[in-house]
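Accompanying notes for the structure given below.
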Amino acid sequence: MISSLSPQLLIKPNTATTLSPIPHVQNQRFKLASHVCPSELLSIRKRPGSACAATTQHRRYLLFPAEEEEEEEREVKFTSDAPALAEGLQREPMPRHVAVIMDGNRRWAHLRGLPVRSGYEAGVKSLKTLVELCCKWGIRVLTVFAFSSDNWFRPEVEVEFLMSLLETGVKEETESFIRERIRISVIGDTSKLPKCLEELVINVVETTKNNTRFQLIVAVSYSGQYDLVQACQRIAMKVKDGLIEPNDVSESLIEQELETNCTEFPYPDLLIRTSGELRISNFMLWQLAYTELFFSQSLWPDFGEAEFLEALKSFQQRCRHYGK
Amino acid sequence: MDFRDTMQKVYSWACQIGNLGLWIIWLLIHFAVDLWYFALHIACAIESYLISSGILKRYKALDIDKLRYLAIVIESEEAYHIPAVIQLLQWLVDIGVKHVCLYDAEGILKKSKESILGKLNNATLFEEAGESNLLLDHKHITLEFASFPDGKEAVAKAANLLFMKYVKLGGSGKIQEEKIFTEAHMSEALRAVGCKGPEPDLLLVYGPVRCHLGFPAWRIRYTEIVHMGRLKSMRYGSLLKAIYKFTMVRQNYGK
C-alpha cells in the first residue's frame, strides 16, 4: 500500500522519459501542446520502474493529433517556463477534463464575519486562478458548477447578486477569453436567467466558439437529471420529425444529446468538490460514472494552486480501471 | 595543460558529489513521505481498533435511523470475494442498517445473490419486501442487487417507454415534449422497467478507484459518497466511522 501511494510524488534526477500516443486514437501522429514554448528545453525526469502497473494500461497523455497519419513515439522535451509542471506532478497521466463543484463561498464569508457576497467575490478569484492553472498545465476542459437548479430557492437578494456577478464576470472577461483563445460554453436551463444575462451568454458562447486552446464550461441553472430529461426531449423532437425511430433510442443517442456534448471530452476525468461535502449534488450524473472523485476540505475561496496540485497528484496516484 | 586537467578532474568530482548529494536528498525526502503515509496507515488502524472495541464512546451513540438506504459499490475484481462481502453485510446487520443495495459493474454480486442470501439468515430481497416489511426488526436486512445495466441502460429503456407514450399521443409542439419528458415521469418510467430502488443516503465504494463505477446515476443526486479502500482491507471501525460521519451531516440541498 505504501509503495502504491508514494512513487508518483517525486521525480528522480537524470532519467529521461518518453511519451506514447493515446492508445484509443489510431493512425495519428502526435505533437506537443501548442502552448509549449520551444525555447530553453528541459527533459522530463522520471524514476525508472515507478509506474503503477495498473496505470500502464490506461495512461493518457497531453498530446494533440497532428495532420500526419502514422503514429510514432517521440522523446518529449518541455520548456522550463509555462507549462512547466509543479514539483511532484507528472506530465502523464493528466486529466483532460476536470469538473469542479465550487462549494463553500457562504461558509467562507461567515467564518470571516463578512457578508455572503464577499464569499462569492472571493470565489470568482479562485475560479480565475484555476483557469490560469488549467491553461498552464495543459488541461483541455474545465467544467464548473456555478449555479444549480436548486439554488433558485435561495434568498432572492442572494440570487440577484449571483446573477449580477455572473453578468459582470462575463462582461469583464470576454476580451481576456478572446485573447487567451479560451472557448466558453454554458450548460443548464438558461431560459430561467435574466434576459440580459441570457443574451450576454449567447453572445460570449458565439464569440468564442472557434477558440481551441482551452474550454471553460459553466453550468448555470443546471441539474443532472434535467440534462437527461432535456436530452430525451430533443430526441423526441427528432422522433416526431421522423429522423429516428422510437425503438432506435439507445444510451449512445442519449449521450449525444446531453448538454456536455459541446466539448470534445464530455466525460470528466476528475471531479473536485470543495468544502468537505461528499456528494455530487445533481451535477453531471450521467457523465461521472468513471470519474475520479476528489473531495477537498478547503472552502472554494481558499482553493488555490496547492489544493489543485493535491487533487491532481491524488488523481495521478490512483489506479483507474474504468470498471474492467 | 596540467592545470586544465586538474580543474577538469575537480569539476568532474564536484559534479559526481553534487549528483550523489541530490540522490541522497531525494532518497531522504522519499523516505519521509513513505514514513508519513505509513504513520497515517497505523493511525487509521489504531483508530479503527478503538472504534471497534467501543473505547471511543461517541461512536456508540449512532442514530442509525438517519441512514434509510445504504449503497455499497464494489469493484468487480473484488466482488468475487464473496466471504468478504458476507462479512461486510454481517457488520451492517450488527450496526442496524436495514436496507442495502449491493452494486458491482459486471453483476458478479447479482450472480451470487442466492449464495449471499443463503449465508445471511436474516436477509430478504428488497423487491420481495413489501410495505409491511419496511419496519424491520433490528437484525433484519433487505438487499437489492444492481449492476451496470441498471444504470444507463435502464435510463434508455425508461426513455423508450416515454417515447412510446409520446408517439401514441401524436406528439407535436415543444409543450408536448415538456409535458411528457419530465423528471417525475422519468422516475416513474424507471420504476416501470424494474429499477425500483430509492435514492441511497450513503454510498460506500470498496475498490482501488474513487468513483462510483456506473452506479445508477439517476439515484445519486444527493447521495454522500465515501471511498473505503480495498475490500480486503475493510475494517469494522472504518465502516462504523463512515456511517457515524454521515449521520452528523446536514444537507442544504442547494438552498
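The values are calculated or read from the model by the stated rules, or taken from the named source; none is laboratory data. These figures come from a predicted structure and were not determined experimentally. Heavy atoms of the whole protein, side chains included, go into the accessibility calculation; ligands, DNA and RNA do not. Shrake-Rupley method; radii C 1.70, N 1.55, O 1.52, S 1.80 Å.
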- [ ] May I ask you to list the lysines whose Cα is less than 27 Å away from that of B:K9, ignoring any residue fewer than eight positions away on the same chain?
- [x] A:K12
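Quick check: convex hull of the Cα atoms in the stretch A:167-256, volume per residue, rounded to a whole Å³? It would help to have the intermediate numbers written out before the result.
Details: hull volume 10.8 nm³, N = 90.
Convex hull volume per residue, Cα atoms: 120 Å³.
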- [ ] Give a residue-ordered list of calculated ³J(HN,Hα) values for the stretch B:2-10 (Karplus: 6.51 cos²θ - 1.76 cosθ + 1.60, θ = phi - 60°; whole Hz; x for Gly, Pro).
- [x] 4, 4, 5, 4, 4, 4, 5, 5, 4
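Please work out the ratio of the alpha-carbon Rg of the stretch B:1-55 to 2.2 N^0.38 Å and round it to two decimals. Could you put the intermediate results ahead of the total?
On the way: Rg = 23.5 Å, N = 55, 2.2 N^0.38 = 10.1 Å.
That works out to 2.33 for the stretch B:1-55.
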TODO: Mind listing the long-range amide H neighbours of A:T143? Cut-off is under 5 Å, sequence gap 5 or more, other chains count too, H placed in the peptide plane at 1.01 Å from N.
DONE: A:V98, A:A99, A:V100, A:I217
TODO: May I ask for the angle, rounded to the nearest 10°, between helix B:152-168 and the longest principal axis of chain B, with both axes built from Cα atoms and the value confined to 0 to 90°?
DONE: 40
Open item on the list: Could you give each residue of the stretch B:202-208 its phi-based ³J(HN,Hα) in whole Hz, using Karplus coefficients 6.51, -1.76, 1.60 with θ = phi - 60°, and x for Gly or Pro?
Closed with: 9, 10, 9, 9, 10, x, x
TODO: Please work out the C-alpha center-to-center distance from the stretch B:186-236 to the stretch B:34-85 and express it in whole Å.
DONE: 17
TODO: As a check on your grasp of the helix formula, calculate [θ] at 222 nm for chain B: sum -39500 (n - 2.57) over DSSP H runs of n ≥ 4, divide by the residue count, round to the nearest 500.
DONE: -16000 deg cm²/dmol
TODO: State log₁₀ I(q)/I(0) for the stretch B:70-168 at q = 0.21, 0.25 Å⁻¹ as given by the Debye formula over alpha-carbon point scatterers of equal weight, solvent excluded.
DONE: -1.03, -1.30
TODO: Round to a whole angstrom and tell me the spacing of the C-alpha centers of the stretch B:237-253 and the stretch A:96-153.
DONE: 25
Task: Long-range amide H partners of B:H227 with built H, under 5 Å - done: B:V205
Task: Under 5 Å, built H, 5+ apart or other chain: amide partners of B:T142 - done: B:H99, B:V100, B:T124
Task: Accessible area of A:E277 in the full protein assembly, 1.4 Å probe (Å², nearest 10) - done: 30
TODO: Using only the alpha carbon atoms of the stretch B:152-194, find the Kirkwood hydrodynamic radius as the inverse mean reciprocal pair distance, in angstroms to one decimal.
DONE: 10.4
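Can you work out D for the stretch A:197-321 in µm² s⁻¹ from Stokes-Einstein, where Rh is the Kirkwood radius over C-alpha pairs, the temperature is 20 °C and the viscosity is 1.002 mPa s?
On the way: Rh = 17.0 Å.
For these conditions, the coefficient is 126 µm²/s.
Write down the accessible area per residue of the stretch B:1-55 in Å², having rolled a 1.4 Å probe over the full set of protein chains.
Details: 4380 Å² over 55 residues.
Value returned for the stretch B:1-55: 80 Å² of accessible area per residue.
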Task: Cα pair distances in chain B, grouped into 5 Å bins until the bin that holds the longest one, percent each - done: 1, 5, 10, 13, 14, 12, 10, 7, 6, 5, 4, 3, 3, 2, 2, 2, 1, 1, 0, 0
- [ ] Report, to the nearest 10°, how far helix B:183-192 tilts away from the longest principal axis of the Cα atoms in chain B, using its own Cα long axis and a range of 0 to 90°.
- [x] 80
Open item on the list: Over 19 Å between Cα atoms: which of A:K128/A:K171; B:K98/B:K255; B:K196/B:K232; B:K66/B:K139 fall into that group?
Closed with: B:K98/B:K255; B:K196/B:K232
TODO: Excluding residues fewer than 8 places away in the same chain, name every one of the lysines whose C-alpha is closer than 19 Å to that of A:K238.
DONE: B:K157, B:K165, B:K168, B:K174, B:K179
- [ ] Give the interface area between chains A and B as buried accessible surface, both sides summed, probe 1.4 Å, in Å² to the nearest 100.
- [x] 5100
- [ ] Just read off the accessible area of A:M163 with the full protein assembly in place, 1.4 Å probe, to the nearest 10 Å².
- [x] 10
Task: Kirkwood-type radius of the stretch A:199-241, with distances r between different C-alpha atoms, in Å - done: 12.8
TODO: Work out from phi, with θ = phi - 60° and the Karplus expression 6.51 cos²θ - 1.76 cosθ + 1.60, the ³J(HN,Hα) of each residue of the stretch A:282-292, listed in order in whole Hz, and give x for Gly and Pro.
DONE: 6, 10, 6, 4, 5, 7, 9, 3, 10, 7, 5
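Per residue, how much accessible area does the stretch B:152-194 have with a 1.4 Å probe, in Å²?
On the way: 2210 Å² over 43 residues.
Accessible area per residue: 51 Å².
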Task: Area of A:D302 that stays accessible when all protein chains are in place (1.4 Å probe, Å², to 10) - done: 70
Task: Order of exposure, largest accessible area first, which applies to B:R235, A:R96, B:R191 with probe 1.4 Å - done: B:R191, B:R235, A:R96
Task: Whole-angstrom Cα spans of the stretch A:123-194 along principal axes, big to small - done: 37, 22, 21
